[in-house]
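Have a look at the structure below before the remarks.
Please treat every number below as a calculation from the coordinates, not as lab data. Everything numeric here is computed off the predicted structure, so don't read it as measured data. Please note: Cβ atoms are built from the backbone with ideal geometry, for glycine as well, and neighbour counts cover all protein chains shown.
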Amino acid sequence: MPNQTFIHRIPTLLIAACAFGQPVIAADNPGAHEHGSARLQMAVENNRIDLMFTSPAYNLAGFEHEARTDEQKQKLAGIRQWLQTNALINTESNACKVTAATVELGGDSESHGTHEHHDEHHHSDHHEEKDEDKHGHGDNHDDKSTHRDYEVAQQLECDSDISRQAFNSPLMSRFPELKELSVEWVSASGQGSARITSPDTSFSPGN
């Protein structure tokens, strides 16, 4: 059972702690919902790490609409289980374990509303399908009005003071559609940020 104090505390902590990184990220990545990219914020204190991970659902599931088949429902359940139990970052010796986690999958309404609104979508379908085909998402992103994001909060406890250790993330090996991860951190050594891509998924907040 997740700690309720943790659930309400961690988003405020990380947003405040990592707010410094927002202008930099926004300049390079004007779209908050960008397939292939995700954001990880972390606060390090002694042997404890608080994390906030935000990613388009497509990066993790391959689609963003509501699960419709048993296979899709099982896939989303498996993703949720993995995100709740696996540390989103860790040291080379896997010294950190998840002590609390929450996973939220939210998104815009899939309803098209009135007939007039539906007609507007109909007239723009041809252009949208072209855009989707260019990115290879046409088959999976068929609910054009829907953008769904995973928001994951984790608290990690590590075996020792890890403020100056190097970290790596298993996210891109677990979810191949995730190509780039923007990491922002605050620790006793200061603040910083990095962009990591596969196969090199290591970074050092303490340096």
For the range 181-191, 3J(HN,Hα) per residue [Karplus equation, 6.51 cos²θ - 1.76 cosθ + 1.60, θ = phi - 60°, Hz, x = Gly/Pro]: 10, 8, 10, 10, 9, 9, 8, 4, 7, x, 10
What distance in nm separates the simple spin-label points at GLU151 and THR54, each placed 7 Å from Cα in the Cβ direction? 0.8
In sequence order, calculated HN-Hα J values of the range 79-90 (Karplus, 6.51, -1.76, 1.60; Hz; x Gly/Pro): 4, 4, 4, 5, 5, 7, 10, 10, 5, 6, 9, 7
Report the extension gain between SER193 and ALA67 in nm, rounded to one decimal, defined as 0.36 nm multiplied by the number of residues separating them, less their alpha carbon distance. 41.9 nm
Where does each of 171-184, 190-203, 37-50, 93-106 land if you order them by average Cβ count within 10 Å, highest first? 37-50, 171-184, 93-106, 190-203
